[in-house]
Amino acid sequence: MSAAAGGLRQLLTAAVTAGAAEARAAIFGHAVNPLGKRAATKLLRKKLIGEHVAQWYPDDIKRDDPEVMAREEKELAEPVIVLSVLL
């Protein structure tokens, strides 16, 4: 009987430990990796830099918004008028 009780105790201990690990992961945002194999979680949580950030944005955001294009054209036209008056 003591062998069965020891097995049951180990089974309960393993279940409690697994539950605690899952709860800790849910609370703190960790990834549960019970097998200890390599995972990409560390790489995926890393901040994006350089070209990776640029891939998130379209090539030219300004062309998508006609109001921005109109404002820029107006700003470019104003200095030309001022320069022609000074000459």
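Each label was represented as a point 7 Å from its Cα along the Cα-to-Cβ direction; for Val16 and His52 these points are 4.0 nm apart.
Rounded to the nearest 20, the size of the Cβ-charge dipole of the range 1-46 about its Cα centre is 360 debye, with Lys and Arg at +1 and Asp and Glu at -1.
Each 10 Å bin from 0 upward holds the following percent of the Cα-Cα pairs of the range 1-46: 24, 37, 22, 13, 4, 0.
Read-outs: derived from the displayed coordinates by stated rules, not from any lab. If you're wondering where the values come from, they're calculated on a predicted model, not measured in any experiment. Reconstructed Cβ throughout: ideal geometry from the backbone, glycine too, with neighbour counts over all protein chains shown.
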